Amino acid sequence: MAAAAPGGSVAGLCPLLLLLPLLPGPAAGSAGMLQPRDTPSRERKELGGLWSFRADLSPGRDAGFAQRWYRQPLRQSGPVMDMPVPSSFNDITQDPTLKNYIGWVWYEKEVLLPLRWLQGSPSTRLVLRFGSAHYYSIVWVNGVQVVEHEGGHLPFEADISSIIQGSPGALCRITVALNNTLTPHTLPPGSIHYMSDKSRYPKNYFVQNIWFDFFNYAGIHRPVVLYTTPSVYIDDITVTTTSAENVAMVQYQVSVVGSTDYSLSLSLLDQEGKVVATGDGPEGELKVLNPNLWWPYLMHENPGYLYSLEVKMQAQVNGALLEDVYTLPVGIRTVHVTSSQFLINGKPFYFHGVNKHEDADIRGKGLDWPLIVKDFNLLRWLGANSFRTSHYPYAEEIMDLCDAYGIAVIDESPGVGIKLPESFGNKSLQHHLAVMEELVRRDKNRPSVVMWSVANEPASELPIAAFYFKTVIAHTKALDPSRPVTFVTDANYALDRGAPYVDVICVNSYFSWYHDPGHLEVIPLQLTAQFENWYKTYQKPIIQSEYGADSVPGLHSDPPVMFTEEYQKAMLREYHSVFDKKRKEYVIGELIWNFADFMTNQGTTRVLGNKKGIFTRQRQPKAAAFVLRDRYWKIANESSCLPPVITSHSLFL
C-alpha cells in the first residue's frame, strides 16, 4: 500500500485519523525545548533498545483505541514483537504488510526508575522526551495520556512528575500510538486513495499517495529519554552574537519556569575552561575580547570553535534552596546576505556541499551513531563545507556535530511535496507556521545553521502560493531575525510566486536528466540561461540547490549513457563549467543531489531507490565522488586562508 493505482478516489479526510479529535489530552506546548544534558542538577535515562510493538491490522485501524490498549500492558492486547528504538519499523521484519503499512502502530516500554526519582521531594521534575516519531504521536504513561504531537521530525516532551511520583511502584509503562498517515494538510502532505473497483482490488483497499521522492519511513526514529530538573528550572535560552574587529558581543535571554523569585548567573568559558565573560539576570550581553570565531570547515585552520555558556539558576522554594545548571554550546559568528554574496563573519562564503537524507539499510531513518560518524568522515574527505537537511529537520545529534566540525547547514522544514491547492489553505498554513516555530525553537542557537529553508519544490507558481510563502517567511523572520530565509524552487523564474520573499534564490534543475534526457550538450546553454534569468529578475544570490544524475554502481559506457557512472561524471563536469563562470558573479553555492543513494517508493523509474548518490547506500564511493572531491578541495584552496600545505591529502584521510 505505497503507491496509488489507477481508478482510485481521493478522500477528503483520512478515516485513519478521524478518531484524533475524540482523544482530548495535553498537546506538545510552546515552552522551551532545550536539548537534554547531564548537569549537576539534571539526570538523564536513555530508553533505547527493544520495545514491544504491534500494528493495528483491523480494517479501520482503530482496534487499539476501541479496546484501550494503553490501559494495560500491550502484550495483553494480543501478539507483540520486539522493535528496536530508535529505528523505522518498515524494514525490520520479513513481513511485506509491515513494510508498506499505513495507519496506527503501538509501542510500549516498561522502565524501572531510580528510587530517588520516585521518593524525591516535589522539587524534582521528571520529563519524558522523544527526539522524533513519525508522524502523529499519542503518549500514555501508566495508562494516563500525557502528550500528543503532530509532525515526524522534531522533538516533543511531557512533564510526567505527578503521574510517576504518585505511583505505588518503580515501574513506569510508556505506551505510544503512532500514525504515519499523510493528508493534504500534514507536512509533508499526502492523500489516501480508496480503490472502489471491487473487480480489481480487495475490500477496503487503499493506498497512500505522496509527492516526494523518498520512502515514507515510520517509527520512533530518534532517542527517547527521561530526564530530571528541579521544580524551578531553566526553561529556555536564546543566544545571538555579533563581532567587530577584536570584540564580540553575546546577547542572551533566559526564561525560568516555576517561580518569579530567582537569581541567574552566567559564565562563558572557552575550550580550555577559562572564563572569558560573566553576566547575571534573565537578559543581557557578554563582552568577549579577542574572540575565537566560529568558522566553517576549510575556511579557517580551527573550524567549529565552540564556547560553553554555563547558566546557573537559584531559587528559594518552601525554605529550601534549589539550583539548576544548564550548559549551552555557543559559536560566535555572523551571517549577512548581499545582492551577490553570502558572508560569514564578513567574508564571502561559497557553499560546496551536498544534500542528504536520514536513510540507511534496515534502520531506515532511525538514528545510528556509526552511520553518522561515517557520513561526517566522508563529508570531510570530500571537502564539503555544507549541506541542506533535505527535506526535513535532522536529528539533534547530527546538528551537534555540524556545530563542532564547522559544517554550515541550510536547515529545512518538512515542507516537501506541497503540490495540491488545498495544501496551501489556512489549515495547512497554520500547521506550517507551528512547525517553523518548533524548528526555530530547537535550532536557533546553533552556529552551524546559517539559513532556514521553509519548503522544497512546492507548487510555487500557483497564485495562492504568494500569500502562503509571504506569510511563512515573514513568520520565520519574526521568530529569528538573525538568519536569512529561503525555500527551494523548481518553478519557472517568471512564474514563481514565492521567490520575491526569499533572501537567497535556491533552484533545483536536472538538465539532460528529467529534461532532454541523455543530451549533455544542452547543459551549458540551459544552465546559463537559468542563472541569468533568475538573477536579472530578482537581483539575489543564487545557490544551485540540486543537480545530479542516477548511476548504478559498476555500470559503464563510453561514450556515456544514462545510468552509468560515466554519465554521472560527465553531467557533473558540464554543470561545474557553468558554476565556475557564475560563481565569480552571483552564484554562491552548489549542492549535489545526492550524498548517497536512498530508498524510495517502488516505481518504474526507481530500482531499489534513487541512485543519484555519489556514494552508494552503503557509503562506498562511485566515480563521481572523486570528481567532486577534486573540485571541492580545489575551491577550498582557492578561497581559504589555510596554509597551502593543507590539502585533501593531509586532512581527515
Check: Out of region 602-616, which residues are open to solvent by less than 30 Å² (accessible area, probe 1.4 Å) and assigned to a loop (DSSP other than H, G, I, E, B)?
Finding: GLY609, LYS612, GLY613, ILE614, THR616
Checklist line | Number of the condition not met by SER162 [criteria: (1) assigned to a helix (DSSP H, G or I); (2) within 21 Å of GLU46 (Cβ to Cβ); (3) of a type in the set (S, T, N, Q)] | finding: (2)
Note to self: Need a quick list: strands (runs of 3 or more DSSP E) entirely within region 478-594 having at least 1 residues that are of a type in the set (Phe, Trp, Tyr).
What the structure shows: 485-489
Next item on the list: Being touching a Pro at 6+ places or on another chain (Cβ under 6 Å) and small (Gly, Ala, Ser) is the filter; apply it to region 404-441 and report the residue that is farthest from ASP490 (Cα to Cα).
Entry: GLY406
Note to self: Looking only at region 248-272, count every residue that is aromatic (Phe, Trp, Tyr) and open to solvent by less than 20 Å² (accessible area, probe 1.4 Å) and tell me the total.
What the structure shows: 1
Next item on the list: Being more than 17 Å from the chain's Cα centre (by Cα), of a type in the set (Val, Ile, Thr) and open to solvent by less than 10 Å² (accessible area, probe 1.4 Å) is the filter here, so list the residues in region 434-486 that pass it.
Entry: VAL472, ILE473
Next item on the list: Given the conditions (1) at positive phi; (2) in the same structural domain as GLU285 (by the TED database), report the number of the one that VAL247 does not fulfil.
Entry: (1)
Next item on the list: Could you tell me whether region 193-201 includes any residue that is open to solvent by 10 Å² or more (accessible area, probe 1.4 Å), closer than 30 Å to SER41 by Cβ and part of a strand (DSSP E or B)?
Entry: no
Next item on the list: Enumerate the strands (runs of 3 or more DSSP E) found wholly within region 319-430, keeping only those where 2 or more residues are over 26 Å from VAL247 (Cβ atoms).
Entry: 320-330, 351-355, 386-388, 408-412
Next item on the list: Hey, can you tell me all the residues within region 71-112 that are part of a helix (DSSP H, G or I), touching a residue at least 12 places away in the same chain (Cβ under 8 Å) and farther than 16 Å from ARG173 by Cα?
Entry: THR97, LEU98
Next item on the list: Determine the pairs where a residue that is in a loop (DSSP other than H, G, I, E, B), located within region 33-45, has a partner that is open to solvent by 70 Å² or more (accessible area, probe 1.4 Å) and of a type in the set (Asp, Glu) with Cβ atoms under 6 Å apart, the partner being 6 or more residues away or on another chain.
Entry: SER41/GLU323
Margin query: Please go through region 540-561 and give me each residue that is open to solvent by less than 60 Å² (accessible area, probe 1.4 Å) and either of a type in the set (Asp, Glu) or without any contact (Cβ under 8 Å) to a residue 40 or more places away in the chain (or both), ordered by number.
Written below: GLU546, ASP550, GLY554, SER557
Item checked: Among the candidates THR537, THR564, residue that is open to solvent by less than 50 Å² (accessible area, probe 1.4 Å) and either touching a helix residue (DSSP H, G or I) at 6+ places or on another chain (Cβ under 8 Å) or not acidic (Asp, Glu) (or both) -> THR564
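Every residue, every condition in (1) open to solvent by 10 Å² or more (accessible area, probe 1.4 Å); (2) within 30 Å of LEU321 (Cα to Cα); (3) among the hydrophobic types (A, V, I, L, M, F, W, C); (4) in the same structural domain as VAL225 (by the TED database), yes or no:
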residue	(1), (2), (3), (4)
LEU47	no, no, yes, yes
LEU57	yes, no, yes, yes
ASN90	no, no, no, yes
LYS99	yes, no, no, yes
Notebook entry, point to check: Within region 292-318, restricting attention to residues that are closer than 16 Å to VAL239 by Cα and part of a loop (DSSP other than H, G, I, E, B), which residue is farthest from the chain's Cα centre (by Cα)?
Noted result: LEU293
Note to self: Could you list, ordered by first residue, the pairs with Cβ atoms under 8 Å in which the first is in region 341-354 and without any contact (Cβ under 8 Å) to a residue 60 or more places away in the chain and assigned by the TED database to the domain that holds PHE615 and the second is open to solvent by 10 Å² or more (accessible area, probe 1.4 Å) and part of a strand (DSSP E or B), at least 6 apart or interchain?
What the structure shows: LEU343/VAL335; LEU343/HIS336; LEU343/VAL337; GLY346/HIS336
Next item on the list: Could you please find all residues in region 377-394 being among the hydrophobic types (A, V, I, L, M, F, W, C) and open to solvent by 10 Å² or more (accessible area, probe 1.4 Å)?
Entry: LEU378, TRP381
Item checked: So GLU245, is it closer than 26 Å to VAL449 by Cα, open to solvent by 50 Å² or more (accessible area, probe 1.4 Å) and at pLDDT below 95 -> yes
Notebook entry, point to check: For region 103-144, which residues satisfy the criterion of being open to solvent by 10 Å² or more (accessible area, probe 1.4 Å) and closer than 30 Å to TYR194 by Cβ?
Noted result: TYR136
Next item on the list: For region 219-231, name all the residues that are surrounded by fewer than 24 Cβ atoms within 10 Å (Cβ to Cβ) and within 16 Å of the chain's Cα centre (by Cα).
Entry: PRO223
Checklist line | Members of region 576-588 that are open to solvent by less than 30 Å² (accessible area, probe 1.4 Å) and either at positive phi or without any contact (Cβ under 8 Å) to a residue 60 or more places away in the chain (or both) | finding: HIS576, VAL578, PHE579, LYS582, VAL587
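The values are calculated or read from the model by the stated rules, or taken from the named source; none is laboratory data. Values in this document were obtained by computation on a predicted structure and should not be read as measured data. Cβ sites come from the backbone with ideal geometry, for glycine too, and all protein chains shown count toward neighbours. With ligands, DNA and RNA removed, areas are computed over all heavy atoms of the protein, side chains included. Shrake-Rupley method; radii C 1.70, N 1.55, O 1.52, S 1.80 Å.
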